[in-house]
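Here the structure comes first, spelled out in structure tokens, and everything after it is commentary.
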Amino acid sequence: MLRESKHEGHSPAIDDMDNTDRKLLNEVQWSFPLDTRPFRELGKRSGIDEHETIERISRLRKIGIIRQISAIYDTRRLGYSSTLVSFSVDERMIDSVAERINSHPGVSHNYRRDGEFNLWFTLATPPGTDVSKEAARLAEENGVSRWHVLPAIKLYKIGVRLNMTGEAVRTEEEKRSWKTPFVPGEEDRRFIRVTQRDIETIPAPFDSMSAELGMSNEELFRRFAAYQELGVMRRFAAILRHQKAGFVANGMVCWRADEEESARIAEAAREFSEISHCYMRPTYEDWPYSTFTMIHGRERSECEHIASELSRKTGLSDYVILYSTKEYKKQRVEYFV
């Protein structure tokens with residue numbers, strides 16, 4: 001389904017939330033309890049009981065703010081290849097091109113954005129495949145005049161956490177210097193297939209997962225901890241729908257920067273919880289912007305203020321902000337299915 005993005009304003013869903021809801025949303029995004037009774041533990045943090053916590057989380061799912069609660073795995077640690085791809089598409093054909101791109105199982109995010117390169121999507125392919133060749137095949141669509149494959153050369157920051165309360169929150173940096181490769185065996189693949197699913201909002205949601213895998217909850221949690229230590233699992237957490245949560249301005253800030261300047265941008269970006277991603281990517285003759293910072297704001301002026309602050313802190317002024325104007329697809333990559 002295609003979703004139009006409003007440039008300003010907020011989602012009506014956020015009007016249905018009180019401060020307890022907002023605290024719960026912060027908790028489930030970053031520190032969901034790996035516990036036999038996780039919603040009871042969540043409730044303790046907000047001063048409510050398990051029953052009320054389940055009712056609130058169920059309602060937040062129903063009104064569309066919570067998209068999914070599950071294990072979040074690292075694409076590259078699982079042997080998948082991934083890249084950002086930009087297409088310049090004839091505006092008269094962009095909707096139909098986007099729909100055909102969406103049919104590819106490795107496309108998880110797909111947006112129309114401002115600018116000459118007006119269609120941006122992420123593409124992941126399983127071990128043993130060539131992600132660039134897959135992108136080239138998609139670029140054969142009628143209406144695509146130019147395109148670029150933009151894999152991450154350096155990943156400085158990753159971790160979406162929408163601050164629902166306005167209180168200070170920590171940002172999370174992603175480990176990247178893994179010395180030991182991870183080669184998933186069939187047992188790993190089965191575990192990942194099961195645990196990447198959305199859990200139920202019930203008192204003991206891990207019971208059915210453990211039963212399917214033939215292990216106890218304690219064994220399940222130990223495996224999660226081991227995968228997190230290896231960098232295979234980034235975290236177990238909720239993913240929110242940005243627009244439903246009130247973050248309707250999604251600005252991708254692209255900076256013209258050399259490697260040293262890119263590192264300065266990354267260092268400054270760590271100070272802002274509104275910045276979820278910071279990458280360095282390749283440049284092209286018609287695309288000189290190497291460094292990408294993704295900003296989530298309640299309106300465009302917030303994104304512009306943060307970009308201006310980054311510019312002030314780094315001394316860099318050559319950047320563009322590309323706002324998403326239509327969401328064509330947003331879902332998690334399903335691994336080993």
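Beyond 18 Å in Cα-Cα separation lie the following of the pairs Lys62/Lys244; Lys62/Lys329; Lys157/Lys326; Lys154/Lys330; Lys23/Lys329; Lys244/Lys326: Lys62/Lys329; Lys157/Lys326; Lys154/Lys330; Lys23/Lys329. For the range 38-142, GluC sites (Glu not before Pro) meeting the loop criterion (DSSP other than H, G, I, E, B) and having at most 14 other Cβ atoms within 10 Å: Glu116, Glu140. The residues packed around Gly143, meaning those with a beta-carbon under 11 Å from its beta-carbon, carry a net charge of -3 if Lys and Arg are +1 and Asp and Glu are -1. The ranking of Thr83, Thr75 from fewest to most other beta carbons within 10 Å of each one's beta carbon is Thr75, Thr83.
Derived scalar couplings between HN and Hα for the range 63-69 equal 7, x, 6, 8, 7, 6, 10 Hz in order, rounded to whole Hz, by the Karplus curve 6.51 cos²θ - 1.76 cosθ + 1.60 (θ = phi - 60°), x for Gly and Pro. Note on Ile202, Ile192, Ile63: ascending count of other Cβ atoms within 10 Å places them as Ile202, Ile63, Ile192, the fewest first. Taking the Cα centre of the chain as reference, the dipole from Cβ charges on Lys and Arg (+1) and Asp and Glu (-1) amounts to some 340 debye.
Residues Lys330, Lys62, ranked from the fewest to the most other C-beta atoms within 10 Å, line up as Lys62, Lys330. Summing Lys and Arg as +1 and Asp and Glu as -1 over all other residues whose Cβ lies under 11 Å from the Cβ of Tyr289 gives a net charge of 0.
Values quoted throughout were computed directly from the atomic coordinates according to the rules given, and no laboratory measurement underlies them. Bear in mind the structure is a predicted one, so any value in this text is a computation, not a measurement. Counting neighbours? That spans all protein chains shown, and the Cβs are built from the backbone with ideal geometry, glycine included.
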